[in-house]
1. Give the residues of segment 253-282 that are free of Cβ contacts under 8 Å to residues at least 12 places away in the same chain and outside any loop (DSSP other than H, G, I, E, B), sorted by residue number.
2. I want to confirm something. Restricting to segment 278-304 and keeping residues that are surrounded by 15 or more Cβ atoms within 10 Å (Cβ to Cβ) and not aliphatic (A, V, I, L, M), which single residue is farthest from the chain's Cα centre (by Cα)?
3. If I go through segment 110-159 residue by residue, how many of them are within 17 Å of P70 (Cβ to Cβ) and among the hydroxyl-bearing types (S, T, Y)?
4. G134 is checked against (1) closer than 26 Å to A253 by Cα; (2) assigned to a loop (DSSP other than H, G, I, E, B); (3) not charged (D, E, K, R) and fails just one. What number does that condition carry?
5. Of the residues S35, S31, S25, S86, which single one is among the hydroxyl-bearing types (S, T, Y), at pLDDT 95 or above and touching a strand residue (DSSP E or B) at 6+ places or on another chain (Cβ under 7 Å)?
6. Can you list residue pairs whose Cβ atoms sit under 7 Å apart, with the first residue in segment 285-297 being in contact (Cβ under 8 Å) with a residue 60 or more places away in the chain and the second being surrounded by 12 or more Cβ atoms within 10 Å (Cβ to Cβ) and β-branched (V, I, T)? Count only pairs 6 or more apart in sequence or on different chains.
7. Would you pick out the residues in segment 150-196 that are of a type outside the set (S, T, N, Q), loosely packed, with under 13 Cβ neighbours inside 10 Å and in a loop (DSSP other than H, G, I, E, B)?
8. Would you list the strands (runs of 3 or more DSSP E) that sit entirely within segment 1-95 and hold 2 or more residues that are under 21 Å from T314 (Cβ atoms) and not assigned by TED's automatic domain parsing to the domain that holds I188?
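The values are calculated or read from the model by the stated rules, or taken from the named source; none is laboratory data. Keep in mind it's a predicted model, so treat the numbers as computed, not measured. So basically every Cβ, Gly included, is an ideal-geometry build from the backbone, and we count neighbours across all protein chains shown.
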Amino acid sequence: MAGKMMTLEQIEDLAKAALMGAGASEVNAASVAKSTWRAERDGVRSHGLMYVPIYAEHVQCGKVDGTALPEVFRPKPAAVRVDAKSGFAHPAIDAGFDALIASARENGVGVMTVFNSYNCGVLGHHAERITEEGLLGLCFTNAPASIAPTGGSKPVIGTNPFALGVPGADGPAFVIDQSASAIAKSEIMLRNRENQPIEAGWALDADGNSTTDAAAALKGSMVPSGGAKGFGAGLMVEIFAAALSGAVLGKDASPFSGTAGGPPNTGQCFIAFDPDCFSGGAFNMQIENLVAALTEQEGTRLPGTRRSGARAQTANGVEVDESLIERISAYSA
C-alpha cells in the first residue's frame with residue numbers, strides 16, 4: 001500500500017478534524033488527538049491513527065458521548081473522583097489531573113479514579129505525564145473482558161494494563177507499561193485488519209485452542225502473560241480501575257471495537273506519590289543506583305526504551321498508509 005509522510009503535527013490535526021467531524025467537541029477532540037500524536041511519536045501504531053476511525057465511529061453511534069463534560073469531585077483531601085459522563089477517557093483525565101498533582105504535593109500521595117469512562121489509549125503516557133511533575137505515578141485501566149481465568153474458558157477480565165512512571169533527577173527515569181495479556185488486544189486487531197497472522201501463544205480460539213489466526217483470536221480469548229500470575233495481575237487492575245472507581249466491570253462492559261452495545265463505562269485509577277515525602281530525599285539516589293545496575297549489563301535495556309528510542313525516528317515525520325488517511329479524512333469531510 002502507498003504511504004505518505006506526515007509530521008506529528010499533521011497527524012494531530014487530522015485526528016482532531018475527524019473527531020470533530022464525527023460530532024466530538026473541540027476540547028474532547030483535541031485531547032484524544034494529542035494522545036494520537038503521542039502514540040505515533042512512540043511508534044505505537046495500534047493506538048495511533050489506526051484507532052481514530054474507531055473513535056469517530058463510536059462518537060457517531062453513541063458508544064462515546066463526544067460532547068461530554070467531565071465532572072470532578074473532591075471527596076477527601078487526597079482523593080479526586082472524575083465522572084467521564086460516558087465520554088472519552090482523555091478529557092476526563094485532563095479534567096482531574098491538576099487536582100491529582102496538587103493533592104500529591106499537599107498530602108504526599110494523591111489518588112484519582114475515573115468512572116463512566118472509555119479506552120484511555122497508551123496507559124504509559126499518563127504515567128509519564130505524572131513523572132514530568134516529579135512524582136512517582138502508578139496507573140491502572142480496565143477493559144472489556146477478553147481473558148478467561150486459568151482453567152476456565154469464559155473471559156472475565158480485560159487485558160487490564162498497569163503502568164509505573166518513575167521520575168529521575170532530570171526527568172522521567174523510565175516507564176513500565178504492561179498488560180495482563182501476553183500482547184495488547186489492539187495488536188491482534190491491527191493484525192486482523194492487515195490480514196496478518198499473530199504469534200503463537202498470544203491467544204486462544206473460541207474452543208480454547210491456541211491459534212495464529214487473528215480473526216479466530218478475536219472470537220476467543222487472550223492468553224494471560226505468565227499464566228495464573230498474569231491473570232492475578234489483571235485481577236488486581238480490575239480492583240483498582242473498576243471496583244475502586246465504581247466503573248463497570250470488564251465482564252459487563254461492551255467491547256471497545258465494533259458498534260454493539262452502549263458506552264462501555266469502564267474506569268481508571270491513578271496514584272501519584274511525592275518521592276521525597278516517603279524516602280527522606282533518598283529516592284533519586286536510589287533510582288540512579290538501580291538504573292546503573294540495570295544498564296551496565298551488556299544486552300539489557302530499561303523498560304520503555306523502544307518507545308523513547310522511536311521518538312528520534314519519528315521527529316521528522318511518520319509514513320502513513322494513504323487509504324487510512326482517506327478513511328480518517330472522510331469523517332472531517
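1. The initial filter retains those residues of segment 253-282 that are free of Cβ contacts under 8 Å to residues at least 12 places away in the same chain, namely 258, 260, 276, 279-282.
Passing the criteria: D276, S279.
2. Residue satisfying both the conditions and the ranking: S279.
3. So the count comes out to 4.
4. Evaluating G134 over (1) closer than 26 Å to A253 by Cα; (2) assigned to a loop (DSSP other than H, G, I, E, B); (3) not charged (D, E, K, R) leaves (1) as the failure.
5. Numbers: S35 fails: touching a strand residue (DSSP E or B) at 6+ places or on another chain (Cβ under 7 Å); S31 fails: touching a strand residue (DSSP E or B) at 6+ places or on another chain (Cβ under 7 Å); S25 fails: touching a strand residue (DSSP E or B) at 6+ places or on another chain (Cβ under 7 Å).
The match here is S86.
6. Once the first residue is in contact (Cβ under 8 Å) with a residue 60 or more places away in the chain and sits in segment 285-297, its partners that are surrounded by 12 or more Cβ atoms within 10 Å (Cβ to Cβ) and β-branched (V, I, T) give I287/V166.
7. G151, G152, K154, A169, D170, E194
8. Values: elements: 3-6, 71-76, 79-83.
So the answer is 3-6.
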